[in-house]
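K.L.:
First the structure, then my questions, so here it is.
The values are calculated or read from the model by the stated rules, or taken from the named source; none is laboratory data. Please read these numbers as outputs of a predicted model, since none were measured by experiment. Please note: Cβ atoms are built from the backbone with ideal geometry, for glycine as well, and neighbour counts cover all protein chains shown. Accessible surface areas use protein heavy atoms only, side chains included; no ligands, DNA or RNA. Shrake-Rupley method; radii C 1.70, N 1.55, O 1.52, S 1.80 Å.
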Amino acid sequence: MTLTHLRLLLAAALPAALGACGGGLDTAERAGDVRATIRTTSHGVPHVTADDYRGVGFGAGYAFARDAICEIAGRFVTVRAERSRFFPATDLVDYGPSRTTNLDSDFFWQRLLDAELVEHELALPAPLGPTAATRELVQGYVLGYNRYLSDTGVDNLPDPRCRGREWVRPITEQDIWLRAMHWNMWRSSGGMVTQIVAAAPPPASATATSPPAPGARRARRGVSAPPAGRFLDADPIVRFAQGVDPTLGDGAGSNMMAIGADGTDNGRGMLFANPHWYWNGPERWYEIQLTVPGRLNVTGIQTMGVPVIQTGFTDGVAWAGTSSFATRYTPYELTLVPGESTSYLYDGATQRMTPNTVTIQVRQPDGALQPRSHTFWETRFGPMIQSDQFVWNGGTGYAFKDVGATFRWVSQQFELNHAQSVGDISEGGKRYMAIGWRNLQAADANGDVFYGDRTAVPHVTDEMVERCVTGALGRQLLSRSLLVLDGSRSACEWGTDPDAPVPGIMSARRLPELHRRDYVSQSNDTHWLNNANARLEGYPLIMGAERTQRSLRTRNGLLKIERRLAGTDGRPGRTFTLDTFIDTVMDQRVLSAELWKPQVVRVCESMDPATEVAPACPILEAFDGTETVESRGAVLWRRFVERLGTENSLYTTPFDPDDPVGTPSGLVTTDSRVETALQAAVQDLVGSGMPLDATYRTYQWTDKNGVHIGVPGGSASLGQYTIVSSDAFQPGVGWGHVGDRRTGSSFIMWMQFTPQGPVGRSVMTYSQSPNPDSPYYLDQTVMYQDGAHKPMRYTEFDILADPGVREEGIECAISPVERSRCQ
């Protein structure tokens, strides 16, 4: 066994040292040596130790750049508004949150850069601006990233995908803050780039009923028009308000379970986390441990390019996040001044929009750069927007107000990295209320569990909704969770709570939270039902619906816990051990099969035995109701439910808000759609040469370096708990390759607190490294196919005991004196 020691030494007090380590940072603020130790254990997980926050950031930045620089370098190009400088302007930006062109992306980000949002927030005292500890962490991260790039050189990067590319460059602290803002705006303006850039005043001849002409506007900028109807049902302005990410499909979101003292075998807390997220690109997770002895010890996952742990655990508490259903923005309907499409009425007076022209550089076919400009139209609420539903015509226009354009959440998250109890998680969140779109669940060593929304939510009360949603479009979209407010009255401006950290958002006392000793669970539904026996009701409409039907995935998760605690799940006892926790969560059971399979089998057996459906009956009968890679009948069942759908009219027992876990249920077997769907599903398989007992090993898979790897799990709409977003079914192919922009189970973690400390196990479904030449490119993906997982090595003993721990060394050639101190 060898020890992985990477000792990095930076004499940051010397300008020469800064140059040697790829710095370019202000020396007065960074005086003093920066050291870090990086030990890399099996499956490529770095464990970074340093004496201070700048040092642990330094090691984290170095380790991350070493492992995944190609993934994040392009994202830094995005937030610098330079995509059109390096990539074709008309190409689409990959990996969300907005499928927009490079040109539109650059215009959007240049607007934010020109507004100097980063400089403004950095000038504010904490918690409005970053804390001193967070600033130090980011400073070190930049130094470490740049140090790796300086040592290695762009032309010698180990990952061939970005080796020698001119867009891979050193970064600045501003890049990190902008990257953090990019993440925070995921479910708000960051997902509306096309709609914000598309907004332009209508022609003088426009009337109050004139339709928009986004295609013509885009054509004048040299960008092809989007497909007809792009902004209709898929309009992200509406869909993000419904808690749906239109770029992710059925794989979006996350699962969490926190089990308290009443549900565990040792009376201490347990946590399960599974963020359903991108398998490729710059939004992948990165697993890492950060340790500053006596101050910080946390392990889990980072968002690429942001050095804080998003989901993980410390000595005393574990936490995770799922997408919150609360809406992060409100469109404002403006009443335009007749004949003046860039002026609007506000409390009876005329207010003029402000033209805001930004300029970027666009690469031409010959390689030369040419400036391109675009004008945004600003209102007191924010920029104007344009889509097929939000029409800027001669009488009406729509402005967009957003809480997401901030990076305050980084300090909030770093405070969570120091937490030791659910109380710390809850109270720390109250100080910031900055996380853009993820609510929290936590479990601690005392056996307490917590669910709470500690995010920034616009201060729009139900009373305001009653008096301010007055327009026809607003009334139409109210049932779809989007609040379109009247922009002609000051009375419809967002309110403020005196105990909120910033104006315009709700304080924690208005938002839902739940403290328990048994459990809490979340699977991307609204706040209403995080425990089968405890409802959260009476919260503002902007938070999401209450007393409404839960998803099959939510019900599946709650049933797993309730049956375990009742001792009715077929396993011994009535509490969770770590092993039963893993088994229960990952059994791949499909709730739709539990609810409907017996009835479907009877329908199948009642059909004409001479038809091609008959051979399907015994396969459905034998189907075990799970979606492992070896489950025979899973492909047939999934295709049947996809053909049938899960409309409420198919259930014999309708939804009952007093029994939200058990209803709706039953199948109306006399409905002709059941036989039709069964016949169609069988034909889909048999007609394309697929066996009726086909498995996911063959028909839902990923390919890594030519290795075919089956992917377990399925669709949330079928009631699968461990979901994956795959391509639409194709005859003869099934759901095919899980990759490209696909999402689903990503970093899966189970952990339990014990008298000896936290014990965790995990698997990164797509593996730690995105580099196809890395030994950590596919190892965990194979583990996931086989239902395996790895230990999370948290203590010094565990790290040193890892059979794969390796030793690396590096010297800092700074000066003879400093060189002698490198080890």
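K.L.:
Report, ordered by the first and then the second residue, all pairs with beta carbons closer than 6 Å, sequence separation of six or more or different chains, a first member in region 371-383 that is modelled with pLDDT of 95 or more, and a second member that is hydroxyl-bearing (S, T, Y) and open to solvent by 40 Å² or more (accessible area, probe 1.4 Å).
P.N.:
P371/T359; S373/T357; S373/T359; T375/T357; E378/T354
K.L.:
Now for a different question. Considering D388, D366, D424, which residue is in a loop (DSSP other than H, G, I, E, B) and over 28 Å from P202 (Cα atoms)?
P.N.:
D366
K.L.:
Also: Just to be sure, is S84 under 28 Å from G253 (Cα atoms) and hydroxyl-bearing (S, T, Y)?
P.N.:
Spelling it out, it is not the case that S84 is under 28 Å from G253 (Cα atoms) and hydroxyl-bearing (S, T, Y).
K.L.:
State yes or no: is I176 open to solvent by less than 10 Å² (accessible area, probe 1.4 Å) and in a loop (DSSP other than H, G, I, E, B)? Before the answer, list the steps.
P.N.:
Details: open to solvent by less than 10 Å² (accessible area, probe 1.4 Å): yes; in a loop (DSSP other than H, G, I, E, B): no.
Judged against the criteria, I176 is not a match.
K.L.:
So the check is Cβ under 7 Å with 6+ separation or different chains; which pairs have a first residue in region 539-557 that's under 19 Å from C468 (Cβ atoms) and a second one that's surrounded by fewer than 17 Cβ atoms within 10 Å (Cβ to Cβ) and among the charged types (D, E, K, R)?
P.N.:
Pairs that qualify, where the first residue is under 19 Å from C468 (Cβ atoms) and the partner is surrounded by fewer than 17 Cβ atoms within 10 Å (Cβ to Cβ) and among the charged types (D, E, K, R), are P540/D462; L541/D462.
K.L.:
Quick one: G44 ticks every box in (1) farther than 12 Å from Y145 by Cα; (2) in contact with a Lys or Arg (Cβ under 9 Å, 6 or more places away or on another chain) bar one, so which box is it?
P.N.:
If we test G44 against (1) farther than 12 Å from Y145 by Cα; (2) in contact with a Lys or Arg (Cβ under 9 Å, 6 or more places away or on another chain), just (2) comes out false.
K.L.:
Here is a follow-up. Can you confirm whether region 284-300 contains a residue that is open to solvent by 10 Å² or more (accessible area, probe 1.4 Å), of a type outside the set (S, T, N, Q) and closer than 23 Å to G744 by Cα? Step through it out loud before you land on a result.
P.N.:
First, pick out the residues of region 284-300 that are open to solvent by 10 Å² or more (accessible area, probe 1.4 Å): 291, 293-295, 297.
From what is left, the residues that are of a type outside the set (S, T, N, Q) are 293-295.
Then drop every residue that is not closer than 23 Å to G744 by Cα, which leaves none.
No.
K.L.:
Shifting gears a bit: Could you list, in sequence order, all residues of region 102-116 that are open to solvent by 50 Å² or more (accessible area, probe 1.4 Å) and either in a helix (DSSP H, G or I) or in contact with a Phe, Trp or Tyr (Cβ under 6 Å, 6 or more places away or on another chain) (or both)? Please lay out each step first, then the result.
P.N.:
Filtering region 102-116 down to residues open to solvent by 50 Å² or more (accessible area, probe 1.4 Å) leaves 114-116.
The one that is open to solvent by 50 Å² or more (accessible area, probe 1.4 Å) and either in a helix (DSSP H, G or I) or in contact with a Phe, Trp or Tyr (Cβ under 6 Å, 6 or more places away or on another chain) (or both): D114.
Listed here are the residues, each with its yes/no results for (1) in contact with a strand residue (DSSP E or B) (Cβ under 9 Å, 6 or more places away or on another chain); (2) surrounded by 13 or more Cβ atoms within 10 Å (Cβ to Cβ).
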residue	(1), (2)
N648	no, no
D684	no, yes
G687	no, no
Y696	yes, yes
N705	no, no
G710	yes, yes
G713	yes, yes
Y721	yes, yes
D727	yes, yes
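K.L.:
Could you give me the residue pairs with C-beta distances under 6 Å whose first residue belongs to region 263-291 and is farther than 21 Å from R75 by Cβ and in contact (Cβ under 8 Å) with a residue 40 or more places away in the chain, whose second residue is surrounded by 24 or more Cβ atoms within 10 Å (Cβ to Cβ) and of a type in the set (D, E, K, R) wherever it lies, and which are 6+ apart or on separate chains?
P.N.:
Once the first residue is farther than 21 Å from R75 by Cβ and in contact (Cβ under 8 Å) with a residue 40 or more places away in the chain and sits in region 263-291, its partners that are surrounded by 24 or more Cβ atoms within 10 Å (Cβ to Cβ) and of a type in the set (D, E, K, R) give G269/D444.
K.L.:
Can you tell me which residue within region 442-465, out of those that are surrounded by fewer than 23 Cβ atoms within 10 Å (Cβ to Cβ) and of a type in the set (D, E), is farthest from D424 (Cα to Cα)?
P.N.:
E463
K.L.:
Turning to a different aspect of this structure: So which residues in region 265-281 are at pLDDT 95 or above and open to solvent by 10 Å² or more (accessible area, probe 1.4 Å), if there are any at all?
P.N.:
D265, N266, G267, R268, listed by residue number.
K.L.:
For region 745-774, give me each residue that is among the small types (G, A, S) and under 27 Å from V317 (Cβ atoms).
P.N.:
S745, S746, G757, G760, S762
K.L.:
Still on this model: Suppose we filter region 550-594 for residues that are part of a helix (DSSP H, G or I), closer than 22 Å to N524 by Cα and charged (D, E, K, R); how many remain?
P.N.:
8
K.L.:
Among the residues of region 720-755, count how many are more than 17 Å from P275 (Cα to Cα) and assigned to a loop (DSSP other than H, G, I, E, B). Before you say what the answer is, go through the steps one by one.
P.N.:
From region 720-755, those more than 17 Å from P275 (Cα to Cα) are 727-737, 740, 752-755; that's our starting set.
So of that shortlist, the ones also assigned to a loop (DSSP other than H, G, I, E, B) come out as 727-729, 731-733, 735, 740, 755.
Qualifying residue count, region 720-755: 9.
K.L.:
Report whether or not Q588 is buried (at least 20 other Cβ atoms within 10 Å of the Cβ) and of a type outside the set (D, E, K, R).
P.N.:
The answer is yes for Q588.
K.L.:
Looking only at region 492-522, filter to residues that are of a type in the set (S, T, N, Q) and out of contact with any helix residue (DSSP H, G or I) (no Cβ under 6 Å at 6 or more places or on another chain); which one of those is surrounded by the most Cβ atoms within 10 Å (Cβ to Cβ)?
P.N.:
Taking the candidates together, the pick is Q522.
K.L.:
Another question, then. Give the residues of region 145-169 that are over 16 Å from E71 (Cβ atoms), touching a Gly at 6+ places or on another chain (Cβ under 7 Å) and crowded, with 18+ Cβ neighbours inside 10 Å, sorted by residue number.
P.N.:
Selection gives N146, R147.
K.L.:
While we're on this one: Hey, among Q370, Q420, which residue is in contact with a Gly (Cβ under 6 Å, 6 or more places away or on another chain) and surrounded by fewer than 16 Cβ atoms within 10 Å (Cβ to Cβ)? Full working, then the answer.
P.N.:
On the way: Q370 fails: in contact with a Gly (Cβ under 6 Å, 6 or more places away or on another chain).
Result of the check over Q370, Q420: Q420.
K.L.:
Now for a different question. Please find, within region 466-491, the residue that is farthest from N524 (Cα to Cα) out of those that are open to solvent by 10 Å² or more (accessible area, probe 1.4 Å) and of a type in the set (A, V, I, L, M).
P.N.:
By that ranking, first place goes to A491.
K.L.:
Out of the residues in region 629-645 meeting the condition of being assigned to a loop (DSSP other than H, G, I, E, B) and open to solvent by less than 50 Å² (accessible area, probe 1.4 Å), tell me which one is farthest from G714 (Cα to Cα).
P.N.:
Filtering first and then ranking leaves G645.
K.L.:
Being modelled with pLDDT under 95, surrounded by fewer than 24 Cβ atoms within 10 Å (Cβ to Cβ) and either closer than 14 Å to V168 by Cβ or among the β-branched types (V, I, T) (or both) narrows it down to one of T37, T41, so name that one. Give the derivation first.
P.N.:
Numbers: T41 fails: modelled with pLDDT under 95.
Checking each option against the conditions leaves just T37.
K.L.:
Please specify each residue of region 756-766 satisfying the condition of being of a type in the set (S, T, Y) and either open to solvent by 10 Å² or more (accessible area, probe 1.4 Å) or not in a loop (DSSP other than H, G, I, E, B) (or both).
P.N.:
Of everything in region 756-766, just one residue is of a type in the set (S, T, Y) and either open to solvent by 10 Å² or more (accessible area, probe 1.4 Å) or not in a loop (DSSP other than H, G, I, E, B) (or both), namely S762.
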